[in-house]
Structure formats: C-alpha cells, structure tokens
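In what follows, a single structure is set out as structure tokens and then discussed.
The values are calculated or read from the model by the stated rules, or taken from the named source; none is laboratory data. Since the structure is predicted, the reported quantities are computational estimates derived from the model, not experimental observations. Cβ placement follows ideal geometry from the backbone for every residue including glycine, while neighbour counts extend to all protein chains displayed. When the accessible area is computed, the model is the full protein with side chains, heavy atoms only, and any ligands, DNA or RNA have been set aside. Shrake-Rupley method; radii C 1.70, N 1.55, O 1.52, S 1.80 Å.
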Amino acid sequence: MKKRTVVLILIGSFFLFSKQVFALKFNEDVVFSEYSIKTFRANPSVSISGHIFHFTDDEGKTYYFLNPTANFFRGYSYLASISNLDKEILKEISRVIYYGYGYKNQTSLEYYAATQYLLFKAYKEYTITFIDTERKQVFPFQKEIAQIEKNLEKNEFQWEDLTTTKHTLEIDDEYIVKHFIVQGENVKTEEKNGKIEIILLNDLEEYTLEFIPKADCSKVEVFGRNNDTQFIHMDLICENVYSRTIHLKKDNISSENHTEEEEKMNLEQLGIGEKKENTVRVPATGKKNYTWIFLLFLLGDVYYVFKR
C-alpha cells in the first residue's frame, strides 16, 4: 500500500511540475492553385514543388511553412518547440513576416503568397521560383514582392553614437519603439505616445544605451512534426542586441557666463569690485585762489573728483 502511494505521488509530481506541451492543428486553404512554389538546391541535390497554402489556427492567427523543403500533413497535430534555426536566418524571416502579409494595408492573399516566397528565399542555399501547371517558371505577385522588399529596405535598426548638450532625448523611430526596450546605467527611460524618452542622470560625460529586442531569436517558438516540417507565426521581429554611446557635452557659453557671474559675486562678497568714476560739477579754481581751503573746513569730508 505504501509503495503504491509513493508511486502515485511521484506520478502526480511529474505532471504537476513538467512543462506543458502545446499542439496545434492548422486550417489550410490552397490559394492560387494555378501556381506552385518550386525549391531547388544543387548540392546536395533537392528539387521539390508544392501548392501555396494559407495556414491559420483556430484563433485565426496566420502561419507559414518555415522550411523550403516542408510537406503538409492534413489533420496532424503539430507540437511546439524552440527553433534551432540560425539566428540570422530567423531575424530575416521575422522581418519578412512582419513587413509582409498583414502589415498596414497589405491584407490580400497575394501578399501572403509573396511573404511565403520571400521567407523561403531567406535560405540562401536554395533557389526559389514560381511555376505554373505546366511546370514552367512564371513571375506572379511581383508588385507585392517589390512592396515587401521596399518595406524591408526602409525599416531597419538605425541609431548611432551621438554627442549632445541635452539631458533629455526622445527616440521616435517606429522600428526601435516597436521592437526594442532601451535601458542603461544612470539612464531613465520611458515609452509613451509612440516615443521613448531618455533622461541622462548624474551629469556624466558618457552614457551607454542597450537596445534589447522584445522578441529573442533564441526563444522563437515553432510548431512541427519533425525538423523539415515546421510552421511559424510571429508578431514582432526577433533582433540583435545593440549598444550605443551618448557623449554629453557641456554648454560652453552658459558655463562661461556662469563662471563669470560666480567670480563677480565672490569679488563683491570680498569687497573687491570695479571702481566707478563719478563726475560732479565744481566751481572753477585758480592757482592763487584760496577760497577752496575754507570750503574744505565747511564740508568736513574730503572727496576726490575729476574735472572734465
């Protein structure tokens, strides 16, 4: 009885603390049945072709074939795992997905086909083409492909080291605001109103900012049956970590003015100030006129004056 109790406790503990494994079934639709995507690799030799599928889960999220040599198995449950794909390829794939189908007004299925095509092209060892029902190469979706490529070219990480006299800065670059968290020592950051506000603390000469991607390429989740057949959905771009330096330059003009004012104040406190000349009117005097001696006695105080 005791042995049975111990076994039940161990089994219960295993299920309690083991990580839950998720599985998905996909809804698939063949789109543009007049075309197929052909994948070719010379060494080792691979040449396959397949329909253009539109994959969604029960929540309506869009998925893509992750690998150019993938096959779809209807009705199969695909298990979740962390992708072991090269991070640079994953970064490019996530950029294609983000700026492809569903980005802004790119909602037609032509954009879905163009996105899947460009995703496969991230694997440089393969040649990816469209073929028709007679297996001849064709070139559909060129407008959509060109637009996605334009999006990719226009949107990337662009923020370099800078020198400034300001203690408060703003980053309004949509790419950075959307995909990164900015942090650093002696720095306060806050994301609000589509911008990242940066406040430099403690009046240092140099600050280091770390741009940390919100999506980590080493933790990208995929759903698959094996290494060849995997599906991917991404809402953000998985990026690299970037480090940039801000040099805080003192405002020379205000610093000089401040120093002059401090020196003037110190001199005044010590009783050392600029001597000012006062001009007063005095009666005309002569060498043989001694009336001024009597005036001195009457005045009682002696003043030094300059005669104009």
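Some points to look at:
- Cleavage-rule hits, trypsin sites (Lys or Arg not before Pro), the range 46-132, DSSP coil, Cβ neighbours within 10 Å at most 14: 61, 74, 104, 124
- Annotation: residue 132 carries an accessible surface of approximately 40 Å², with a 1.4 Å probe and no ligand, DNA or RNA atoms counted.
- Rolled with a 1.4 Å probe across the full set of protein chains, the surface gives residue 233 an accessible area near 50 Å².
- Efficiency of FRET from Cβ geometry, residue 49 and residue 77, R₀ 30 Å, rounded to 0.05: 0.70
- With the simple spin-label model, which puts each label point 7 Å out from Cα in the Cβ direction, the residue 189 to residue 61 separation comes to 2.6 nm.
- For trypsin sites (Lys or Arg not before Pro), the sites in the range 179-240 that DSSP calls loop and that have at most 16 other Cβ atoms within 10 Å are 214, 225.
- Cross-link pairs beyond the 20 Å C-alpha cut-off, checked among 91/154; 178/214; 25/121; 25/124; 87/121; 91/195: 25/121; 25/124; 91/195
- Coupling constants for the range 205-213 follow from the phi torsions by the Karplus curve (6.51 cos²θ - 1.76 cosθ + 1.60, θ = phi - 60°), and in residue order they are 8, 8, 10, 10, 9, 10, 9, 9, x Hz; glycine and proline get x.
- DSSP bridge pairs, the range 177-251: antiparallel proportion in percent, nearest 5: 90
- These residues, 201, 118, go from largest to smallest accessible area, 1.4 Å probe, as 201, 118.
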